[in-house]
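**Student:** One structure coming up, written as structure tokens, with questions to follow.
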Amino acid sequence: MLENTSWRAASEVFGDRISLVAGLVPEFSWRSSDIADGVRVDLGGQITIDQAPALWKRVSVLLEQAAGKQRVQIDNDGVDVIDGACMALLVHLRNELKARKVHCEFTGGSPAVRRIVELYGGRRRPRVRRVRRAKNAVEQVGQATVNVFDEVVSILDFLGELVVSAWALLTHPKRMNWRDVALTMERAGADATPIVLLINLLIGFVMAYQSALQLEQFGANIYVADLVGVSMTRELGPLMTAIILCGRTGAAFAAELGTMKVSEEVDALRTLGLLPMPHLVMPRVLGMMLVAPLLTFLAGGVGILGGLLVGNTMLDITPKAYWIETLSAVKPWDIWSGALKSVVFAGAIALIACQQGLATSGGAEGVGRRTTSAVVSILFTLILLDAVFTVVFGVLGL
Amino acid sequence: MSEPLIRVQGLSIGWDQHVLINEATFDVARGDVFVILGESGCGKSTLLRSLIGLEPPLGGSIDIQGIGSPRLEGAAPEYGVMFQSGALFSSMTVGENVGFALQEWTSLPTEAVSAIVKAKLALVGLEGTGDKLPAELSGGMKKRAAIARAMAFEPSLIFLDEPSAGLDPVSAAELDELILALNRGLGLTVVMVTHELESILKVGTTCIMLDKDSKTIVASGDPRQLKAESTNQKVRQFFNREARVR
């Protein structure tokens, strides 16, 4: 059976150039015939990457045809050119046949073709492949449970080490890397001030605008000041500031420590006799906890300013009246409770980010994975902590 | 014969159930340039990390004379380590990297630390680079700077992980010269992991060869002698750069 000879016949008349101009791809020939105990395939022509799809179809068909046969002989005598991609498909055919207990061999071919066969392992004994079995649902759930358990152990390890280091620092404060505390305060605090101011101004503005639409109906415009003042100092100021710190500084901490871990800088630190906890983690935690309340005070202030802008321009409340109403609504505890929350939030952000950073492995991909994990974990923890604060303050009547 | 500087007995390394090296026993003599060699994935770097104290062994013991088991934290460094990538602290200048341990563990004034840093950088041929950031250095310079940092605390023992990996032949040869100079000039004991044949034959005084298949040490001794006389197939393949028969 002779197939696909149309191009060969045409090329004998017109040559390659004509067939290329006509948009034809040079074709190869694949002639299969039965032999005593199997199938013989005579290949011919130019078998290049352009023919790979057609060759793959032939290979797939032959794999089915060869079932029950003893051997397949692939003869390359008629092959003018064969490239690596097509040779790889033929070697795949041979390996698949061998796996099905069908002997397969390449015969003939020019020296160049034989070199390609040799290079692609066409004469080597195929390796027995270990088939990786897909995990079933129970195994996947089990593996996920083990991973969660490992992660919990890793977090407990981290917290234990933190407590030991904190105790050691109380007795030997000089062991602390104080330089990085100031650096962290600058990076997490001073550098973040513009974005904290802008976002909280807009939050105050939006909250006042939305509430004004409702309160105006009852002639209770002035209570916009109460609503904005209490919300910004007690709830939204600390929370929004923490969210900004999470996205801006928490992610940076996780990525920075993760990169240090994968580039062996953390190991290098340890070989200099220095612990990662007092040198990398505690300065960041302390710096964040010191700077977060300051940012939160600013956040509350500009949030109230945002409310004042709406009150003055839309509701005709004078700045003085707005200010007096705010002072009457906002109690000192509202401000201090916001500051307290912000300290706890900042500690959580820094600790989770550092823990995730130091748990990084696996190069750049690992750094990305841990940074994402840090941000998600921090956001969840912030909301959880905020809920806990709300309930506790509520129960205590604060 | 004098007491070895490092005595390793029945050391097994790996992780979980995966054993890389099983019950390795060897000594490192003082003043040696001791080379750990073997094919990729045989556990050379993991063995080095165990010797340093970064990887707890699965079994066996490591005894460094005057130190005992390798320990890292809580005390001034008693040996120097150069990692494969250099692992310089990227947020610090080269000078700060070299002087870091001195500042942390001594009460030396800044000027004295600076003087020592300058001398250490000059020792490794990096004069005038103290104010540069690691990112501004070439691969070879980073490794030299890392050696300077490892030397900052005047150790008598230094561990080097693949010192000439990824370097051009000239930089690699210069690094070999530096290792020899430190070994001969200062009597420094060097334990290094490498599979660079030229380096091994040029600087190594003793070596052990690890084997991935048997998970053991398949040869030990003078690398030049091993190259010339070993009848072990894997050793001959390694030293003669012969491909595995597939």
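**Student:** Suppose the Debye formula is applied to equal point scatterers at every Cα of the stretch A:280-361; what is log10 I(q)/I(0) at q = 0.20 Å⁻¹?
**Tutor:** Each listed q maps to, in turn, -0.87.
**Student:** Can you sort A:TYR322, A:TYR223 from fewest to most other Cβ atoms within 10 Å of each residue's own Cβ?
**Tutor:** Numbers: A:TYR322 26, A:TYR223 16.
By the 10 Å Cβ count, ascending, the order reads A:TYR223, A:TYR322.
**Student:** Here's another thing I want to ask about it. In the stretch B:124-246, what percentage of the DSSP-assigned beta bridges are antiparallel, given to the nearest 5? Don't jump to the answer; show the numbers that get you there.
**Tutor:** Values: 5 of 10 bridges.
Restricted to the stretch B:124-246, the bridges split so that about 50 percent are antiparallel.
**Student:** Starting from the amide H of B:ALA219, placed 1.01 Å from N in the peptide plane, find each other amide H under 5 Å away whose residue is 5 or more places distant or on another chain.
**Tutor:** B:MET209
**Student:** Rounded to the nearest angstrom and ordered from largest down, what semi-axes does the equivalent ellipsoid of the stretch B:91-183 get from its C-alpha gyration tensor (root of 5λ)? Write down the numbers at each step before the final one.
**Tutor:** Values: eigenvalues 99, 44, 23 Å².
After diagonalising the Cα gyration tensor, the semi-axes are 22, 15, 11 Å.
**Student:** Another one. Taking amide H positions as placed in the peptide plane 1.01 Å from N, state which residues far from B:GLY80 in sequence (5 or more) or on other chains have amide H under 5 Å from it.
**Tutor:** The list, which skips near neighbours in sequence, is B:LEU157, B:ILE158, B:PHE159.
**Student:** Quick one: Karplus J couplings for the stretch A:112-121, per residue in order, coefficients 6.51, -1.76, 1.60, θ = phi - 60°, nearest Hz, x for Gly and Pro?
**Tutor:** 5, 5, 5, 5, 4, 4, 5, 4, 8, x
**Student:** In the stretch B:74-148, which trypsin sites (Lys or Arg not before Pro) are in a loop and have at most 15 other Cβ atoms within 10 Å, using DSSP for the loop call? Spell out each step's value before the answer.
**Tutor:** On the way: sites: B:LYS118, B:LYS120, B:LYS132, B:LYS142, B:LYS143, B:ARG144; in loops: B:LYS132.
For trypsin sites (Lys or Arg not before Pro) across the stretch B:74-148 that sit outside H, G, I, E and B with at most 15 neighbouring Cβ atoms in 10 Å, the list reads B:LYS132.
**Student:** Also, I was wondering about something else. Could you sort out which of A:LYS57/A:LYS101; A:LYS174/B:LYS118; B:LYS120/B:LYS215; A:LYS135/A:LYS261 sit more than 28 Å apart by Cα distance in this structure?
**Tutor:** Where the Cα-Cα span goes over 28 Å, the pairs concerned are B:LYS120/B:LYS215; A:LYS135/A:LYS261.
**Student:** If you don't mind, another one. Per residue, how big is the convex hull of the stretch A:146-258 when only Cα atoms are used? Give it in Å³.
**Tutor:** Numbers: hull volume 18.8 nm³, N = 113.
So the per-residue hull volume is 167 Å³.
**Student:** Shifting gears a bit: What list of ³J(HN,Hα) couplings, whole Hz, do you get for the stretch B:145-152 from phi and the Karplus terms 6.51, -1.76, 1.60, once you set θ to phi - 60° and write x for glycine and proline?
**Tutor:** Each residue of the stretch B:145-152 in turn: 4, 5, 5, 4, 5, 5, 8, 4 Hz.
**Student:** Please report A:ILE199, A:ILE304 as a ranked list, fewest other C-beta atoms within 10 angstrom at the top and most at the bottom. Don't skip to the end; give the middle numbers.
**Tutor:** Numbers: A:ILE199 17, A:ILE304 26.
The most exposed by this proxy come first: A:ILE199, A:ILE304.
**Student:** Next up: Between A:VAL102, A:LEU201, A:ALA299, whose Cα lies farthest towards the positive end of the dipole of chain A when Lys and Arg beta carbons carry +1 and Asp and Glu beta carbons carry -1, centred on the Cα centre?
**Tutor:** It is A:VAL102.
**Student:** Helix B:110-123 versus the longest principal axis of chain B: what angle, 0 to 90°, nearest 10, using Cα atoms?
**Tutor:** The angle comes out near 40 degrees.
**Student:** Please figure out what share of the DSSP beta bridges in the protein assembly as shown is antiparallel and state it in percent, rounded to the nearest 5. All intermediate terms of the calculation are to be shown ahead of the outcome.
**Tutor:** On the way: 26 of 57 bridges.
Once the DSSP bridges in the protein assembly as shown are tallied, antiparallel ones form about 45 percent.
**Student:** List, largest first, the extents of the alpha carbons of the stretch A:80-188 along their principal axes, each in whole Å.
**Tutor:** Sorted from largest, the Cα extents of the stretch A:80-188 read 82, 39, 24 Å.
**Student:** From the helices alone, meaning DSSP H stretches of at least four residues, give me the mean residue ellipticity at 222 nm for chain B, per-run term -39500 (n - 2.57), in deg cm²/dmol to the nearest 500.
**Tutor:** On the way: 8 runs with 87 residues, N = 246.
Theoretical 222 nm ellipticity from helices: -10500 deg cm²/dmol.
**Student:** What residues have an amide H closer than 5 Å to that of A:LEU275, excluding those fewer than 5 places away on the same chain, when H is modeled at 1.01 Å from N in the peptide plane?
**Tutor:** Amide H neighbours of A:LEU275: B:GLY74.
**Student:** Where a ≥ b ≥ c are the square roots of the eigenvalues of the C-alpha gyration tensor, would you call the stretch B:1-106 rounded, which needs a/c under 1.5, or, failing that, prolate if a/b is larger than b/c, or oblate?
**Tutor:** Numbers: a/c = 1.94, a/b = 1.45, b/c = 1.34.
Judged from the Cα gyration tensor, the stretch B:1-106 comes out prolate (a/c at least 1.5, a/b above b/c).
**Student:** I would also like to ask the following. If you build a Gaussian network model of chain B, linking Cα atoms that sit under 10 Å apart, which residue out of B:ASN183, B:ASN97, B:ASN232 swings the most?
**Tutor:** B:ASN232
**Student:** Then there's this: Given a Förster radius of 41 Å and the C-beta distance between B:SER114 and B:GLU177 as r, what FRET efficiency does 1/(1 + (r/R0)^6) yield to the nearest 0.05?
**Tutor:** Numbers: r = 27 Å, r/R0 = 0.65.
The calculated FRET efficiency here is 0.95.
**Student:** When the Karplus curve 6.51 cos²θ - 1.76 cosθ + 1.60 is applied with θ = phi - 60°, which whole-Hz ³J(HN,Hα) does each residue of the stretch A:320-333 get, with x for Gly and Pro?
**Tutor:** 5, 5, 4, 5, 4, 5, 4, 4, 6, 8, 8, 8, x, 4
**Student:** Could you tell me what a quarter of the Cα convex hull surface of chain A works out to, in nm² with one decimal place? If you can, show how the numbers build up before the last one.
**Tutor:** Values: hull surface 142.1 nm².
Seen from a random direction, the Cα hull of chain A projects 35.5 nm² on average.
**Student:** In whole angstrom, how long is each semi-axis of the equivalent ellipsoid of the stretch A:344-398, when you take the square root of 5 times every eigenvalue of its Cα gyration tensor and sort them from largest down? Mind showing how you got there, number by number?
**Tutor:** On the way: eigenvalues 190, 16, 6 Å².
Whole-Å semi-axes of the equivalent ellipsoid: 31, 9, 5.
**Student:** Just grab the label-to-label distance for B:ARG241 and A:ASP77, each label 7 Å out from Cα along the Cβ direction, in nm (one decimal).
**Tutor:** 4.2 nm
**Student:** Rounded, prolate or oblate: pick one for the stretch B:127-169, where a ≥ b ≥ c are the square roots of the eigenvalues of its C-alpha gyration tensor, a/c under 1.5 means rounded, and failing that, prolate if a/b is larger than b/c, else oblate. Don't skip to the end; give the middle numbers.
**Tutor:** On the way: a/c = 2.68, a/b = 1.14, b/c = 2.36.
It is oblate, given that a/c is not under 1.5 and a/b is not larger than b/c.
**Student:** Follow-up question, since we're still on this one. How long is the gain from A:LEU398 to A:PHE380 if the chain were fully straight, where each residue apart is worth 0.36 nm and the alpha carbon distance is subtracted? It would help to have the intermediate numbers written out before the result.
**Tutor:** On the way: separation 18, 0.36 × 18 = 6.48 nm, distance 2.44 nm.
Full-extension gain reported as 4.0 nm.
**Student:** Counting partner chain Cβ atoms within 10 Å of every residue's Cβ in A:258-265, what's the average? Can you show the working numbers first?
**Tutor:** On the way: counts 0, 1, 4, 0, 1, 7, 10, 11.
Per residue, the average neighbour count from other chains is 4.
**Student:** I would also like to ask the following. After finding the eigenvalues of the alpha carbon gyration tensor for chain B, what semi-axes result from the square roots of 5 times each, listed largest first in whole Å?
**Tutor:** Values: eigenvalues 192, 86, 52 Å².
In descending order, the three semi-axes are 31, 21, 16 Å.
**Student:** Place a point 7 Å from Cα of A:TYR223 in the direction of its Cβ. Which residues in the stretch A:323-344 have their backbone N less than 17 Å from it?
**Tutor:** It comes to A:325-330, nothing else.
**Student:** Continuing with the same structure: So, in Å, what gap is there between the alpha-carbon centers of the stretch A:294-326 and the stretch B:91-142?
**Tutor:** For the stretch A:294-326 versus the stretch B:91-142, the Cα centre distance is 53 Å.
**Student:** Can you tell me which aspartates and glutamates have their Cα less than 14 Å from the Cα of B:LYS143? Leave out same-chain residues fewer than eight positions away.
**Tutor:** A:GLU264, A:GLU265, B:ASP161, B:GLU162, B:ASP168, B:GLU174, B:ASP176, B:GLU177
**Student:** If I stretch the segment between A:ARG132 and A:VAL153 completely, what's the gain in nm (0.36 nm per residue apart, minus their alpha carbon distance), one decimal? Show your work: numbers first, answer last.
**Tutor:** Numbers: separation 21, 0.36 × 21 = 7.56 nm, distance 2.91 nm.
That works out to 4.7 nm of additional length.
FYI, it's all coordinate maths here, none of it is from the lab. Just so it is clear, the model here is predicted, and its values are computed rather than measured. A quick note on method: Cβ atoms are made from the backbone with ideal geometry, for glycine too, and the neighbour counts reach across all protein chains shown.
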